[in-house]
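Heads up: the structure comes next, in structure tokens.
Just so it is clear, none of the values below were taken in a lab; they were calculated from the coordinates. As the structure is a prediction and not an experimental result, all values here were calculated from the model. Methodologically, a virtual Cβ is constructed for each residue, glycine included, from the backbone with ideal geometry; neighbour enumeration extends over all protein chains shown.
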Amino acid sequence: MTWRWRVFLTCALGATAWLGAFAGQAQGADGQISGRVLDARTGQALPGANVWLEETQLGAAADAQGRFRIRHVPAGRYALHASMIGYRSAVLRDVQVPAGGRVELVIRLRPAVVQLEPVVVSATKMRQSVMQSPVSLSVVTAEDIRRRNPLDLKQALEMAPGVHFVGNQINVRGSTGFTFGAGNKVLLLLDGVPVYASDTGEFNWDLVAPEDVKQIEVVKGAGSALWGAAALGGVVNIITRDPTPQGRFRYTVTLGKYDHPAFRQWEWTDWGRLHYTRETLSYGKRYEALGVRLSLNRTMDTGYRQLGDAKKLGGTLKLDYHLPGGGRWTNYVSGSWISQGFFIQWKGQNHPYEVDPTQLSNRAHINQLSAYSRLTLPLTPSLAVQARVSLVRTLMGNQFGQPGAFNPAYGSGAEVQVDWIPGRKHSVTVGLQLQRDGGSTRYFGDHVGIYLAPYVQDEWRVRPNFRLTAGLRYDRYVLDGTRREDLLSPRLGLNWQPARRTAFRASVGSGFRAATIVERFLELEVMNFTVKANPALRSERSWAYEVGMRHYVTANWVVDASLFRTDYNQLIEAHLDLIRGNIQFRNIPRARIQGLEASSELSVPVRLFGISASVALRGSLTWMHHEELEFHDPLPYRPKLLARGQVGVLGRAWEVLVEHRYASKIDQVKIYPINQRVPMRFWDASLRLHWRKVGVQLACRNMFNYNYAPMESNLMPPRRWEAGFFFRTP
């Protein structure tokens, strides 16, 4: 760690501690709002419900009896928001707080089959309703995750509009194709903290168990103005659960069995032995000011193909301490240990689940540790400061039969952010972020990249129903202490609500991503190819433009539509020279992706055989035209049409869910361009029965045993049968 890094951390944490000491003297407010948050149907308390005042830094969480208290509220008129997982958010407007007075409220939240208006933080780094966002944003809620019972975070995101996966790489509106795991054009965050591997830029979708997630927010388009490097085509922010006041224990086990392949001649082993098991155990409770949440998970998978086996262990620990005056100190650590086969490509079309015998030694051992510590202090009702430090340690080994070829890669970061509301019309965010990424192996040497970035954003409420958001971020990137790049990322957005149920949005913003260490320097022999280094690789940049609208046809039916366009400069793609057998990452000077995205969610109460139930309908369509602008060829490994559909019939103690995922045929690939390609058509169905503390879910994945290869010589899993068992305390 350099002296500059030490000075930055010392100053950042020292300033925050000083402001914390000042906070007790800075509270000049003299009012108070207290009350209870209850279930509107049963009247029971809702522990853990979040309550906050719009246009202030003030808020609270309900205790085990559903009671909350917001202190130091200046006299005035406020809009009070309340939200809870599984319930429809509520807003109490015109809450009048007299000078020195107290206001007592009872807030009743209605259960929600579908969360139509979630509260988000990723669009502007401030808590707000999705209706107020200036950019397109999709939310995967805890209820969505519970109903799907995914095995990992990747499966939890499969149904999100505009999201598609090629291997383990996430593609948001066509931003990322397939780059062999070396760098994504979407930034992955855990509670707002970057968690990509610092040498490859790859994501570990097993780092957090899906049961530990409160919600996942997917921001579409360039997001570098606030979030910085790698937010070229979007941001995925995974927000973890907090400890609950009453304490909650959860246990989940999922047993899965691979069905026979579509053609019996494809069987390569005793198919009866191919199965998988996944277990998750968690407990969380708040003890007065201190909240503790612990989670452990294990996955054992024989795989449906050679080198498809995997053993995965993971765990998380979250310590959340509430300070006097509304402050909060959160410490979080997650770790995963993975040992798995490394399948590159099939032996042949008649043996798609087997590999060449020379590859059988290909194994992957991946250990990753992610940790952060964040201190948040509301100094006054209009001023708050937060500071965090973070670390991501990733160790890969024994890839391609080469043990001991990798050293741990470290990504460490620090950030200080100040949120200030100078008046009822402005909300200002100012911050400074430092990030250090480094890695060393015999395949690419020893390299370090450092980002130093100040940023600022102002949300101007021109009128109560019209907001303008302007932001700017400057990044200084230094590679190995010699190569320097200066990157400027502006953003401008607006949100207009001409009616209570209708919101229009428009935005333009810039994004960037510096090439990862692997993309620049990797030298490796793999299969019949030689991966060649390209130290001259330039950073890729983008400009994203969008107009959209969100409209509530009824209280239970919402539609969302947007037109988008993203222009890329120096787009980084893997270039294959099939004649010489070389792979090298190169810049495409100019590329463009534009299209249309539409989605709808609807919940309808019905009666089936005299039983009350709800039908939940969801659907989305994303059409894209993508091309590199020199020869006007399609960009590789990207479909042009994505469609998602979901029908759920939800009773009091049972749920039936049917899902469909479609992706059009990929027009451009790199390795075997003459091979036949087909569109993706997957159908899933599940039945869930649940009582007070226990539940069971039966599911069939890929019901029609459809064969699909998103990248050459790599078939997706065949039909699977799953049985899940759940237990939790109230």
*From the residues 717, 376, 664, which one has its Cα farthest along the dipole of the chain in the positive direction, the dipole being from +1 and -1 charges on Cβ of Lys/Arg and Asp/Glu about the Cα centre?*
376
*What is the Cα centroid distance between segment 246-261 and segment 84-115, reported in whole angstrom?*
35 Å
*In segment 527-587, with Lys and Arg counted as +1 and Asp and Glu as -1 at Cβ, which of these residues, 564, 551, 582, has the Cα nearest the positive end of the dipole, that is, farthest along it?*
582
_Positive-end residue of 414, 507, 603, charge dipole of the chain with Cβ unit charges_ = 603
_Three-way shape call for segment 158-266 based on the alpha-carbon gyration tensor, with the a/c threshold at 1.5_ = oblate
*Taking the Cβ-Cβ separation of residue 277 and residue 361 as r and a Förster radius of 45 Å, what is the calculated FRET efficiency to the nearest 0.05?*
0.95
*So, in nm, how far is label residue 442 from label residue 641 when the simple model puts each one 7 Å beyond its Cα toward the Cβ?*
5.1 nm
*What's the FRET efficiency of residue 586 with residue 681 using the Cβ-Cβ distance as r and R₀ = 56 Å, to the nearest 0.05?*
0.95
*Once label points are set 7 Å from the Cα along Cα→Cβ at both residue 649 and residue 34, what is their separation, rounded to one decimal in nm?*
4.9 nm
*asked:* Multiplying the sequence separation of residue 499 and residue 705 by 0.36 nm and subtracting their Cα-Cα distance, what value in nm do you get?
replied: 69.5 nm
*Where does each of 596, 46 land when they are ranked from fewest to most other beta-carbon atoms within 10 angstrom?*
596, 46
_Can you tell me, using C-alpha contacts under 8 Å and at least 6 residues apart, the relative contact order of the chain as a whole percent?_
11 percent
*As computed over segment 441-494, the Cα convex hull volume per residue (Å³)*: 93 Å³
*Stretch residue 470-residue 672 to full length: gain in nm at 0.36 nm per residue minus the Cα-Cα span?*
68.2 nm
*Using a simple charge model, +1 on the beta-carbon of Lys and Arg, -1 on the beta-carbon of Asp and Glu, nothing else, what dipole does segment 220-270 show about its Cα centre, in debye to the nearest 20?*
260 debye
*Dimensions of the chain along principal axes (Cα, Å, largest first)?*
79, 70, 45
*Beta carbons within 10 angstrom, averaged per residue: use that to sort the peptides 195-202, 145-152, highest first.*
195-202, 145-152
*Along the Cα-to-Cβ line of residue 488, 7 Å from the Cα, sits a label point; which residues in segment 516-559 have backbone N less than 20 Å from it?*
539-545
*Quick one: check the C-alpha center-to-center distance for segment 548-613 versus segment 308-356, whole angstrom.*
25 Å
*About its Cα centre, how strong a charge dipole does the chain have in debye, to the nearest 20, once Lys and Arg get +1 and Asp and Glu get -1 at the Cβ?*
1760 debye
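Using a Förster radius of 25 Å, what is the FRET efficiency between residue 561 and residue 462 based on their Cβ-Cβ separation? Nearest 0.05, please.
Here the calculated transfer efficiency is 0.55.
Counting alpha carbon pairs within less than 8 Å and at least 6 residues apart, what relative contact order, in whole percent, applies to segment 279-339?
28 percent
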*Does segment 30-109 classify as rounded, prolate or oblate by the C-alpha gyration tensor (a ≥ b ≥ c root eigenvalues; a/c under 1.5 gives rounded; else a/b over b/c gives prolate, otherwise oblate)?*
prolate
*asked:* Taking the beta-carbon count within 10 Å as an exposure proxy, list 342, 727 from fewest neighbours to most.
replied: 727, 342
*asked:* Please compute the modelled spin-label separation between residue 41 and residue 424, points set 7 Å along Cα→Cβ, answer in nm with one decimal.
replied: 3.8 nm
_Gap separating the Cα centres of segment 130-181 and segment 671-722, nearest whole Å_ = 16 Å
*asked:* Which of rounded, prolate or oblate describes segment 468-507 when judged by the alpha-carbon gyration tensor and an a/c cut-off of 1.5?
replied: prolate
*Exposure proxy ranking, count of Cβ atoms within 10 Å, fewest first, for 208, 119*: 119, 208
*Quick one: putting +1 on the C-beta of Lys and Arg, -1 on the C-beta of Asp and Glu, what dipole do you get for segment 565-626 around its Cα centre, in Debye to the nearest 20?*
40 debye
_Sites matching chymotrypsin sites (Phe, Trp or Tyr not before Pro) across segment 239-269 that sit in DSSP coil, with at most 15 neighbouring C-beta atoms within 10 Å_ = 263
